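The values are calculated or read from the model by the stated rules, or taken from the named source; none is laboratory data. Computed from a predicted model, the values in this text were never measured in an experiment. Cβ sites come from the backbone with ideal geometry, for glycine too, and all protein chains shown count toward neighbours.
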């Protein structure tokens, strides 16, 4: 949404060298595409939900692994169809990673 304060928020947060607020990140799109694999015939032939969920849970860590900041605040286009439900499912995992 225009004028929602994302740029100001990112600028303020990024002043701390331990924090990075990203530009529009593609990590949620990656996770959505992985999640949608569960609808494919290939997955349905061997539905290993736990293994695919392990990959989904590691997307943020793998994507941002080489960033020097300790805390990454990804700015995601969550209004893309399917992303709102997915972000609800992964938000609890992201919070666990940040605060555990």
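Here are the numbers for this structure:
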| quantity | calculated |
| --- | --- |
| Some residue of region 30-41 being at pLDDT below 80 and surrounded by fewer than 16 Cβ atoms within 10 Å (Cβ to Cβ) | no |
| Residues of region 11-59 satisfying the condition of being touching a strand residue (DSSP E or B) at 6+ places or on another chain (Cβ under 7 Å) and assigned to a helix (DSSP H, G or I) | 13, 27 |
| Meets criteria (exposed (fewer than 15 other Cβ atoms within 10 Å of the Cβ) and touching a helix residue (DSSP H, G or I) at 6+ places or on another chain (Cβ under 7 Å)) for residue 50 | no |
